[in-house]
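Visitor: Here it is, the structure in full.
The values are calculated or read from the model by the stated rules, or taken from the named source; none is laboratory data. Small disclaimer: the values here were computed from a predicted structure and weren't measured. No Cβ is skipped: glycine too gets one built from the backbone with ideal geometry, and neighbour counts run over all protein chains shown. Side chains included, ligands, DNA and RNA excluded: accessible areas come from the protein's heavy atoms. Shrake-Rupley method; radii C 1.70, N 1.55, O 1.52, S 1.80 Å.
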Amino acid sequence: AKEHGRNTYCFFTPQMQKYHTRHLLLENALRRAVEREELQLVYQPQMSLHNQQLIGFEVLLRWHNPELGTISPAEFIPLAESSGLIVPIGDWVLSKALTQLAEWRAEGYNQITIAINLSPLQFRQTDLLAKLEQLLAQHQLPATTVELEITESAMMDDPAAAAHLITQFSDKGCKIAIDDFGTGYSSLGYLKRFSLSKLKIDQSFIRDLLTDADDKAIVSAIISMAKSLELTTIAEGVETLEQQQMLHQLGCDDIQGYFYSKPLNRKDATAFIRSHIF
Ligand code: C2E
Ligand code: CA
Ligand code: CA
Ligand code: CA
C-alpha cells in the first residue's frame, strides 16, 4: 500500500476496518428492521415526587436482530440518525406509541401521558406536525397526552428550527420537554422565549448528587430557574432512595429511573399502571 500516491492513500487500521464493517452491517440490518418487526418499544415510568403517582411513560426503542443479537440504542440511534433511517423509524415509534396510549385510555387509564424522543432530523420534517395530528385524530387522543423530548444540544444546534417546531406543537397543546438538560449550554433567553413545559435534568448530574457538591449546586440551580420560568422539572437516572429524597428536598417535581422501574415491555407497563393508579 506504500506505493500509492499521497492523495490516494487510504488509512485503514484493523480497528477502523472492524468498525467500518460493523457499521455497514448494522446499517443494512437496520434498514429492514421495521418491516421485519425487529423493533420494540419499552416504557419507563415517570413518577410525581409530590404524590408518588404515576404520571406516564417515556417511550424507548429496543432492537433485537436474530443474527446480530440485541443492539443498544446508544449504538443504533446515532446510526439511524446519520443514515436518515431515523425518519421512518421515528414514524413507526410515533404510530406504535400512540396506539399503545389509546389502548391504555380505552381501559380507563386516561391520566397517562407518553413522552417521545425526537431526533433533530425528525423535527426538520415539514410534515411532522401533520403526521402527529393525523395519529391523534385516528386514536381520538388529546394533544395534551403527548410530550415530545428534544435534547438541549439539538435545540441549541438549530435554535430557529427548534423554535418553529416548539411553537407549532405547543400551539396544538403538545408538551415539550428539553432532554439531557444541563449538558447543552442553553441561553436563558431561549428558555424564556420558547413555549416549553419541562426540563429534564440530565442523569450525569444525578449520579453523584449525594457526594458531589457541584452536582448538587447545579441541580438546585436548574430547579430554581425552572420554577421562576414556570417549567416543570423531571430528574432522570434516579436509582436510589437517597437521590429521590434529595431531589424532593430540592423541589424537583418528577423523577424517572431504576429506583422506581427499568423500562418495561407493554405487558409489564400495563401491570405497573394497574398497581400505581387509583
Ligand atoms: P435518553 O432519552 O436520555 O433516555 C434515557 C436513557 O437512560 C435510556 O437509555 C434509559 O433506559 C436509561 N435509564 C433510565 N433510567 C436509568 C437509571 O436509573 N440509570 C441509568 N444508568 N440509566 C437509566 P436507552 O433506552 O439505552 O436509550 C439511550 C438513548 O437512545 C436515549 O437517551 C435516547 O437519546 C435514544 N433513544 C431511545 N429511544 C429512542 C427513540 O425512540 N427515538 C429517538 N430519537 N431516540 C431514542
Ligand atoms: Ca429522552
Ligand atoms: Ca435524557
Ligand atoms: Ca460531577
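Visitor: Among (1) open to solvent by less than 20 Å² (accessible area, probe 1.4 Å); (2) more than 18 Å from the chain's Cα centre (by Cα); (3) within 19 Å of D202 (Cβ to Cβ), there is one condition H248 misses while meeting the rest; what is its number?
Guide: (1)
Visitor: Scanning the range 221-233 for residues that are at negative phi and assigned to a loop (DSSP other than H, G, I, E, B), which turns out farthest from ligand 2 (Cβ to nearest atom)? Reasoning before the result, please.
Guide: Step one: filter the range 221-233 for residues at negative phi, giving 221-229, 231-233.
Subsequent filtering for residues that are assigned to a loop (DSSP other than H, G, I, E, B) retains 229, 231.
Values: L229: 20, L231: 16 Å.
Top of the filtered list is L229.
Visitor: Please determine, by comparing only the residues of the range 193-214 that are assigned to a loop (DSSP other than H, G, I, E, B) and open to solvent by less than 70 Å² (accessible area, probe 1.4 Å), which one is farthest from ligand 2 (Cβ to nearest atom).
Guide: Here is the first cut: in the range 193-214, the residues assigned to a loop (DSSP other than H, G, I, E, B) are 194-197, 202, 207-212.
Then keep just the ones that are open to solvent by less than 70 Å² (accessible area, probe 1.4 Å); that gives 194-197, 202, 208-209, 212.
Details: F194: 17, S195: 19, L196: 14, S197: 14, D202: 10, D208: 21, L209: 19, D212: 23 Å.
Once the filter is applied, the top-ranked residue is D212.
Visitor: What are the residues in the range 5-25 that are in a helix (DSSP H, G or I) and either modelled with pLDDT of 75 or more or over 18 Å from E81 (Cβ atoms) (or both), if any? Outline the logic, then answer.
Guide: First pass over the range 5-25, keeping only residues in a helix (DSSP H, G or I): 14-25.
Result: P14, Q15, M16, Q17, K18, H20, T21, R22, H23, L24, L25.
Visitor: Could I ask something else about it? Assuming G56 fulfils every condition listed in (1) more than 13 Å from ligand 1 (Cβ to nearest atom); (2) more than 15 Å from the chain's Cα centre (by Cα) apart from one, which condition is it?
Guide: So the condition that G56 fails would be (2).
Visitor: Continuing with the same structure: Restricting attention to the range 54-98, which residues are more than 22 Å from I176 (Cβ to Cβ) and open to solvent by 60 Å² or more (accessible area, probe 1.4 Å)?
Guide: R62, H64, P66, E67, T70, A74, E75, P78, S82, P88
Visitor: Within the range 231-241, is there a residue that is within 14 Å of ligand 4 (Cβ to nearest atom) and not aliphatic (A, V, I, L, M)? Quick ask: steps written out before the conclusion?
Guide: First pass over the range 231-241, keeping only residues within 14 Å of ligand 4 (Cβ to nearest atom): 237.
Restricting the remaining residues to those that are not aliphatic (A, V, I, L, M) gives 237.
Checked the range 231-241: at least one residue is within 14 Å of ligand 4 (Cβ to nearest atom) and not aliphatic (A, V, I, L, M).
Visitor: (1) away from ligand 4 (no atom under 16 Å from the Cβ); (2) among the β-branched types (V, I, T); (3) in a helix (DSSP H, G or I); (4) in contact with a helix residue (DSSP H, G or I) (Cβ under 7 Å, 6 or more places away or on another chain): which one isn't true of I218, the others all being true?
Guide: Unmet for I218, out of (1) away from ligand 4 (no atom under 16 Å from the Cβ); (2) among the β-branched types (V, I, T); (3) in a helix (DSSP H, G or I); (4) in contact with a helix residue (DSSP H, G or I) (Cβ under 7 Å, 6 or more places away or on another chain): (1).
Visitor: Shifting gears a bit: Condition first: more than 22 Å from Q125 (Cα to Cα), over 15 Å from the mean Cα position of the chain (by Cα), modelled with pLDDT of 85 or more and aromatic (F, W, Y). Now tell me which residues in the range 159-210 satisfy that.
Guide: Once the filter is applied, which keeps residues that are more than 22 Å from Q125 (Cα to Cα), over 15 Å from the mean Cα position of the chain (by Cα), modelled with pLDDT of 85 or more and aromatic (F, W, Y), the range 159-210 yields only F205.
Visitor: Turning to a different aspect of this structure: Tally the residues that are out of contact with any helix residue (DSSP H, G or I) (no Cβ under 8 Å at 6 or more places or on another chain), loosely packed, with under 14 Cβ neighbours inside 10 Å and within 22 Å of K200 (Cα to Cα), restricting the search to the range 119-166.
Guide: 2
Visitor: Can you name the residue in the range 215-230 that is touching a residue at least 12 places away in the same chain (Cβ under 8 Å) and away from ligand 3 (no atom under 16 Å from the Cβ) and, of all such residues, is most open to solvent (accessible area, probe 1.4 Å)? Break it down into steps so the answer makes sense when it comes.
Guide: The first filter runs over the range 215-230 and keeps only residues touching a residue at least 12 places away in the same chain (Cβ under 8 Å), leaving 216, 218-220, 222-227, 229.
Those left that are additionally away from ligand 3 (no atom under 16 Å from the Cβ): 216, 220, 223-225, 227, 229.
Numbers: K216: 75, S220: 45, I223: 2, S224: 66, M225: 44, K227: 108, L229: 52 Å².
Selected residue: K227.
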